[in-house]
Each structure stands twice: as structure tokens, then as C-alpha cells.
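Here's the structure we're looking at; comments come further down.
The values are calculated or read from the model by the stated rules, or taken from the named source; none is laboratory data. Small disclaimer: the values here were computed from a predicted structure and weren't measured. Neighbour counts are summed over all protein chains in view; Cβ atoms, including those assigned to glycine, are modelled from backbone coordinates with ideal geometry. Surface accessibility is based on the protein's heavy atoms, side chains included, excluding ligands, DNA and RNA. Shrake-Rupley method; radii C 1.70, N 1.55, O 1.52, S 1.80 Å.
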Amino acid sequence: MFFKSVHGAAILTGSFVAPKDLNTSDVSSIRSVASTLAYGTMSYYTGNITNTPETLAVFPAPVYWWESGACWGSMLDYQHYTGDTSYHDVITQAILSQVGPNYDFMVPRHFGDEGNDDQAFWSFTHSPWLTMAENIWNTMVERWNTTTCGGGIAWQIFASNPNGMSYKNSVSNGGLFQLSARLARATGKQTYQDWAQKIWDWSESVGFVDGNFNVMDGADSKDDCRRVSREMYSYSQGIYLYGAAVLYNHTRGDATWGDRTTRLLAAAGSRYFSPYANATGVMFEQMCEISNTCDTDMLSFKAYLSRFLWATTQMMPSTLPTVQALLVPSALAAGQACSGGANGTVCGHRWYVGGYDGTTSLGQQMSALEVVQGLLVQEATPPLRAGEIQHVKGMIPAPAPAPAPAPPTATLVISTVAAPTTSPISMPQGVAPAPNPSQPSSPDSHESASAPSSVMSSNGNTGVSTPGLFMMSGLVVGFLMWRLA
């Protein structure tokens with residue numbers, strides 16, 4: 001359950017720092033602001049209070065199921081970057097409630113409406129379970145369809161869903177590409193690397209990745225993908241970017257993957273930043289933000305570009321100066337945008353206006369959270385890779401409290417790595433949607449599916465692996481989740 005009072009940033013750092021006063025050179029300031037933004041993000045969630053199958057893990061309408069999964073990914077990032085485990089039990093309960101009977105995020109409640117892009121985004125939260133990641137990959141790769149467009153997977157999974165069965169989109173295919181890359185690095189299995197290469201080659205050949213390394217939205221298979229949509233969204237760019245960076249790292253610096261990562265990064269910088277001459281380095285969603293036509297989904301897209309840009313710097317460290325040149329100004333601008341509401345910490349969408357723009361929702365909170373907490377990336381432990389992970393079977397009981405019907409007991413992927421160099425942050429267990437008194441007022445096929453097996457590295461400190469795959473940081477006993485997606 002949520003605690004009704006959490007001392008938030010005051011406990012985290014000893015003093016509250018408003019987002020608008022963010023100091024990107026001060027770790028304590030970054031942590032304090034990240035704590036405030038995480039608190040604001042979680043204020044939208046009440047599923048652990050209602051504790052019903054319909055409300056666990058999901059955020060209220062108009063947020064769709066996929067964005068709920070994406071938000072848990074943001075909260076895993078928060079836990080990994082800051083070391084604050086206040087939300088640990090809530091995150092654990094939420095994700096375990098959605099794993100599905102075959103441990104692949106194919107959830108019976110969403111049979112018929114779940115799409116490949118939905119499963120992909122939930123897969124980005126899977127990293128404590130290596131076997132589960134492979135289960136997800138197995139279900140997705142079986143949907144590769146060469147009868148049209150020479151390959152690719154469709155936007156949707158179920159034929160009963162008429163919305164998107166003939167559309168092959170970059171988010172679904174990019175999600176499978178990134179998952180393949182991350183599994184290649186985590187397992188060392190050539191099959192995953194081969195599939196990552198295959199998906200990349202297909203994406204280029206069909207025009208989803210153009211000659212300037214812009215990522216397009218998709219194409220209709222009814223005309224064999226001859227006409228590629230020219231719509232471009234930041235999250236698609238980020239998904240392919242991080243997948244390429246992981247492959248660069250996995251191949252120990254392959255020049256081709258390094259070039260692709262660099263060019264995808266350059267394309268991101270030229271298209272999704274600096275909307276005006278006086279807003280250099282400030283991120284924006286170029287398809288809809290200036291025209292004020294972003295829908296609920298689009299309001300969250302900057303979160304994922306921020307996430308994958310910061311994560312790219314761990315896979316390809318030479319990208320750090322370029323990423324910092326983009327995301328440090330964006331973080332400062334996001335802080336200024338998070339100055340709304342009675343308490344002066346509610347986040348708006350348009351970071352380039354120099355303050356709060358009067359609009360707020362989960363997407364705005366997530367986007368600000370990801371761009372700010374990523375400032376701590378250089379202190380975070382990178383993902384574990386093949387050779388650093390050993391499989392250790394062990395059953396993990398359901399987390400406490402778990403008042404809702406528990407999913408099947410899961411065998412988790414537990415990894416170990418040296419504890420973080422920064423001091424652990426102590427906060428009460430639980431989160432509070434109520435105003436914080438310490439702050440200013442204001443798919444069909446599931447072959448070989450198996451319960452996730454745990455893994456442990458050999459350096460002796462127990463913890464839980466996290467996305468990138470499968471990193472972890474510090475000591476976590478029991479379940480989840482240290483993560484960098």
C-alpha cells in the first residue's frame with residue numbers, strides 16, 4: 001500500500017530542490033529533483049490500493065496498457081540510477097501481475113488487443129528474468145512474416161483486431177531488434193545476433209531506416225510496404241539507436257555498428273532537438289508538439305528517447321559528450337517546465353517555453369523523470385554481459401504486500417555485481433499519491449515457455465539484474481529490480 005506521507009526529496013538529500021532549481025553539476029540536486037518527479041509520476045497510480053486484477057499495474061484512462069509498462073520501466077530506471085528503493089514493492093507487484101501464464105507478457109486480459117509494440121515495451125521491463133526475455137523473444141520472432149514486404153512483424157498480433165494487422169511499424173520491429181541485440185549481449189548466443197542483423201537489414205531495405213538514419217513510422221503490407229510513412233517519432237529513433245549501441249558493445253567495438261550508432265544519434269540530434277534558435281539542445285516531439293496535436297501516447301515519447309540516449313552512453317562511451325550536449329539542456333528545460341501546480345512541481349510538455357505550459361499528464365511526468373535521472377548514468381552500473389552471468393535456479397515467493405491475486409510463483413533472474421559507489425538512499429517502503437507534506441504545497445504460440453531462471457554473477461554481491469540487459473546495482477534481496485533499460 002502507499003504510505004500517506006513520504007518525506008520524498010527531503011529524506012533523499014536532506015533538503016528539497018524544486019525541479020526549476022535543478023543543478024546538473026550537483027548529484028544531490030539531481031537526486032532530489034528525480035525523487036520529486038518520481039513521486040509525481042507515481043501519484044497517477046492507485047492500482048496497489050484498489051488491488052483488483054483490472055487495476056494492478058495499469059494507470060487510469062486515457063493511458064493504455066503499453067504506456068503503463070513503459071512507466072514501470074521509468075521507475076526501474078529511477079531505482080537503478082538513484083538507489084532509492086521506496087517503490088520497490090509496488091514495482092515488483094505490478095510487473096509480476098502482468099507476466100502472463102507463460103512468462104512472456106502475453107496477458108490473457110489483453111488477448112485480442114495486445115500488439116507487438118505493446119509486448120515490446122513491456123519486454124523492456126523484463127530484465128530480472130533472463131529466461132523470460134527469451135520467452136518473449138520466442139513469441140515475437142515466430143510472427144516474422146515473409147509473405148509480404150520480404151519480412152517484418154505486424155503492428156498487431158491478433159487477427160481479430162482489425163486495427164493494424166496489415167501495418168508493419170518500426171516500433172514493433174525495432175523492439176524485436178533491440179531485444180535481439182540485448183539478448184545477444186547477455187547470452188552470447190549467435191542466434192540473437194543473427195536476428196538483430198536480419199531485422200536491421202530488413203529495416204534498411206524496406207526504408208524504415210532511411211539513408212540519413214531517420215527512423216520512419218512504418219508501411220502497409222497491402223502494397224508490399226512500397227509506400228513508407230514519412231511520420232517520424234522520437235521513441236522509434238531511440239529504440240533503434242540503443243539496439244545498435246548494444247551491438248557495438250557486444251561486438252567489442254565493431255566499426256559498422258559504431259557508425260550506425262553515431263549516425264542514428266546524429267539524426268536524433270538534428271530532428272528532435274532545438275525547435276527554435278533560443279532553445280538549442282532542448283528536446284521536442286517534432287511531429288506534434290509545436291502544433292499542439294500530441295495525443296496521450298505521444299506525450300510520453302520523449303521519455304523513451306531520453307532513456308535510450310542515456311543508456312547508449314554506457315554501451316558506446318564515446319557518445320557521452322554528444323548526448324550530454326543534448327540532454328543536459330533538455331534536463332534544465334524540463335525542470336523549468338515542471339513548475340506548475342500548487343506545489344510548483346507539476347510537469348508540462350513543451351520544455352522550450354521557459355516554464356510550465358499548463359498541460360500535464362503521466363507522459364509529461366515520465367519524460368521529465370527520464371531526462372533528469374539519466375544525468376546520473378555515469379554512476380550507474382552497466383548491464384551485465386555473457387560471461388558475467390551464471391544461471392542459478394531458485395524460487396522467489398510473491399512480494400509482500402501482495403493483496404491482489406498473485407501470479408504464478410516466478411523463478412527470477414538474480415544477478416550480482418559490485419554495490420554502487422554512492423551511498424544507498426534510505427526512504428520508507430511504499431509511495432504516496434497524496435500531497436507530500438515535506439515538499440512545497442501544491443500469440444498465439446508459446447512454445448518452450450518456461451518460468452524465468454535466476455542468474456548470479458561471480459563477484460559475490462547479490463542483487464537483481466536490470467534491463468539493458470541485465471544489469472543490476474547494489475544489494476537487493478528477494479525480487480526486483482535494478483535497471484537501466
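Quick notes on this structure:
- Here P128 passes the criteria (1) within 23 Å of L299 (Cα to Cα); (2) at pLDDT below 95 except the one numbered (1).
- Going through (1) in contact with a Leu (Cβ under 6 Å, 6 or more places away or on another chain); (2) surrounded by 22 or more Cβ atoms within 10 Å (Cβ to Cβ) one by one, E289 falls short only on (1).
- Of all residues in the stretch 45-93, those satisfying the criterion of being more than 15 Å from S123 (Cα to Cα) and of a type in the set (A, V, I, L, M) are I49, L56, V58, A61, V63, V90.
- Odd one out for D201 among (1) in a helix (DSSP H, G or I); (2) more than 24 Å from S270 (Cα to Cα); (3) open to solvent by 20 Å² or more (accessible area, probe 1.4 Å): (2)
- Residue within the stretch 324-334 that is among the hydroxyl-bearing types (S, T, Y) and either in contact with a Leu (Cβ under 9 Å, 6 or more places away or on another chain) or assigned to a strand (DSSP E or B) (or both) present: no
- Residue under evaluation K393, criteria (1) over 30 Å from T293 (Cβ atoms); (2) charged (D, E, K, R); (3) modelled with pLDDT of 95 or more, criterion not met: (3)
- Search result, residues across the stretch 238-256 that are open to solvent by 10 Å² or more (accessible area, probe 1.4 Å) and assigned to a helix (DSSP H, G or I): Y248, N249, H250, A255, T256
- The number of residues in the stretch 315-345 that are surrounded by fewer than 24 Cβ atoms within 10 Å (Cβ to Cβ) and either hydroxyl-bearing (S, T, Y) or under 15 Å from the mean Cα position of the chain (by Cα) (or both) comes to 4.
- Positions within the stretch 109-152 being in a loop (DSSP other than H, G, I, E, B) and either among the basic types (K, R) or open to solvent by less than 30 Å² (accessible area, probe 1.4 Å) (or both), in sequence order: G112, E114, F124, T125, H126, S127, P128, W129, R143, C149, G151, G152
- Scope the stretch 260-283; condition loosely packed, with under 15 Cβ neighbours inside 10 Å and either part of a loop (DSSP other than H, G, I, E, B) or over 24 Å from the mean Cα position of the chain (by Cα) (or both); matching residues: Y276, A277, N278, T280
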